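Enquirer: Okay, handing you the structure first.
The values are calculated or read from the model by the stated rules, or taken from the named source; none is laboratory data. Just so it is clear, the structure is predicted and the values come from calculations on it, not from any experiment. Note: ideal-geometry Cβ built from the backbone for every residue, glycine included; neighbour counts use all protein chains shown.
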There are 2 protein chains.
Amino acid sequence: MAAGTGQRPRGAGRAQLHETALRLFARDGVDGTSLQAIADEIGVSKAAVYYHYKTKDEIVLDVLRPMLDALPELTTRAEAQRTRHARVEVIITGFVDLAVGNHSSFVVVMIDPYVLRLLAKQQPLQQWWDRIVELVTGPEPDTQTRVAMLMFIGGLTSTSRDAWLAEMAPDEQRDYLLECGRRLLQHRRRPHAKD
Amino acid sequence: MAAGTGQRPRGAGRAQLHETALRLFARDGVDGTSLQAIADEIGVSKAAVYYHYKTKDEIVLDVLRPMLDALPELTTRAEAQRTRHARVEVIITGFVDLAVGNHSSFVVVMIDPYVLRLLAKQQPLQQWWDRIVELVTGPEPDTQTRVAMLMFIGGLTSTSRDAWLAEMAPDEQRDYLLECGRRLLQHRRRPHAKD
DNA sequence: GTCTATACGTCGATAGAC
DNA sequence: GTCTATCGACGTATAGAC
């Protein structure tokens, strides 16, 4: 404890550590990011990092906390909608906003093997995924929609790590990604294909 | 060299090593897979693994070789098509077949940070990606199609690691994924949306 | 082809000075 | 809050017996 208030200080040093760790996790993977590498990037020693966090797992979880909290919140918000169309629209816009608003967190949470192993032990991530699937497909098991949902989420992680897309203005990224989500998940059958 | 023929023997031991390494790479990431872990999985010692390969990088590249060769080949095949529609169709079916036919290789090549770092040094992967983009979007820079392409490829990697989808028959996986690709990339504007 | 043994660096994590 | 110094475990990679 640095301050006498009893509150978590959340100083500038901690914020910089937070930002640096997240950036390296997204670029090199958690397994590929040593605490030494994080410390070097900031310009301090490894022990200085350990002043803020007791373990590497604690860093990972703290850095990903906002994203990990946002995902169930989004699901709950979608479940409150009455029609399937509205639920899917909330899911699409919600995921796109999460991905665009925080590329690094989204990528790390979704595809990093270290994080997947960590969460498999700690939280019922599987149940959360089942909720999403039921939201989008409805009670009857629509396989095509389920596959499209998988592709949409996975595709968002891929676009989140693309350098070319990252240069685009966030609002513009958002529009293009929303269109992709609607093509995949709000599909209406066309009269008939031309080919 | 074990055999006197001068040819690479390609024995059963090497094949098992190949399969085991690929499976662990896909599950735990390359950084998260030690040579000790591979050796333990097979039931031999670490040194036995080093009999077949001099370095870890060599294992990674050898294991991913079929996929790394298939990607430019697919691109060349697509470029031979006359219409944009046909080129995109070759890209869609080609990528789906690659992903369905070899889930693990596809995932590792596409998203593993270790592999991305390795390839960044050795091969002009960037040029290959530019060829794909031009194939799909055509000469004029169509941003929406480009984003859809990113989402399609990324989505394939995500569906490749999904356990539920993996239980499905390959032909069935193929059909659902093809439909997703067509929704994203062979999009025709609908008369107008209902809502 | 596979083994044991080992070299040498880096890992996550801790102790104690300042 | 940050440092140096250090720990034990594990990483890649090698040497040499069988």
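Residue by residue, here is whether (1) touching a Lys or Arg at 6+ places or on another chain (Cβ under 7 Å); (2) assigned by TED's automatic domain parsing to the domain that holds B:Gly29; (3) modelled with pLDDT under 95; (4) buried (at least 21 other Cβ atoms within 10 Å of the Cβ) holds:
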site: B:Glu134; (1), (2), (3), (4): no, no, yes, no
site: B:Gly138; (1), (2), (3), (4): yes, no, yes, no
site: B:Val147; (1), (2), (3), (4): no, no, no, yes
site: B:Leu156; (1), (2), (3), (4): no, no, no, yes
site: B:Ala163; (1), (2), (3), (4): no, no, yes, no
site: B:Ala169; (1), (2), (3), (4): no, no, no, no
site: B:Glu172; (1), (2), (3), (4): no, no, no, no
site: B:Gly181; (1), (2), (3), (4): no, no, no, yes
site: B:Asp195; (1), (2), (3), (4): no, no, yes, no
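Each row is one residue, and each column tells you yes or no for (1) at negative phi; (2) near DNA strand C (Cβ under 9 Å from one of its atoms); (3) of a type in the set (S, T, N, Q); (4) within 14 Å of the chain's Cα centre (by Cα).
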site	(1), (2), (3), (4)
B:Arg27	yes, no, no, no
B:Thr33	yes, no, yes, no
B:Ala48	yes, yes, no, no
B:Pro72	yes, no, no, yes
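Results for (1) closer than 25 Å to A:Thr159 by Cα; (2) within 11 Å of DNA strand D (Cβ to nearest atom); (3) within 14 Å of chain B (Cβ to nearest Cβ), shown as yes or no for each residue.
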{"site": "A:Leu17", "(1), (2), (3)": "no, yes, no"}
{"site": "A:Ala21", "(1), (2), (3)": "yes, no, no"}
{"site": "A:Val30", "(1), (2), (3)": "yes, no, yes"}
{"site": "A:Ala39", "(1), (2), (3)": "no, yes, no"}
{"site": "A:His52", "(1), (2), (3)": "no, yes, no"}
{"site": "A:Asp62", "(1), (2), (3)": "yes, no, no"}
{"site": "A:Pro66", "(1), (2), (3)": "yes, no, no"}
{"site": "A:Asp69", "(1), (2), (3)": "yes, no, no"}
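Enquirer: Another one. Among B:Ser158, B:Ser45, which is the only one that is more than 11 Å from chain A (Cβ to nearest Cβ) and not aromatic (Phe, Trp, Tyr)?
Expert: Going through B:Ser158, B:Ser45 in turn, the sole match is B:Ser45.
Conditions tested, residue by residue: (1) out of contact with any His (no Cβ under 8 Å at 6 or more places or on another chain); (2) hydrophobic (A, V, I, L, M, F, W, C).
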{"residue": "B:Asp57", "(1), (2)": "yes, no"}
{"residue": "B:Val63", "(1), (2)": "no, yes"}
{"residue": "B:Arg84", "(1), (2)": "yes, no"}
{"residue": "B:His103", "(1), (2)": "yes, no"}
{"residue": "B:Phe106", "(1), (2)": "yes, yes"}
{"residue": "B:Leu116", "(1), (2)": "yes, yes"}
{"residue": "B:Lys121", "(1), (2)": "yes, no"}
{"residue": "B:Gln126", "(1), (2)": "yes, no"}
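Enquirer: Another question, then. Within region B:71-94, can you find the residues that are within 14 Å of another protein chain (Cβ to nearest Cβ), surrounded by 15 or more Cβ atoms within 10 Å (Cβ to Cβ) and small (Gly, Ala, Ser)?
Expert: none
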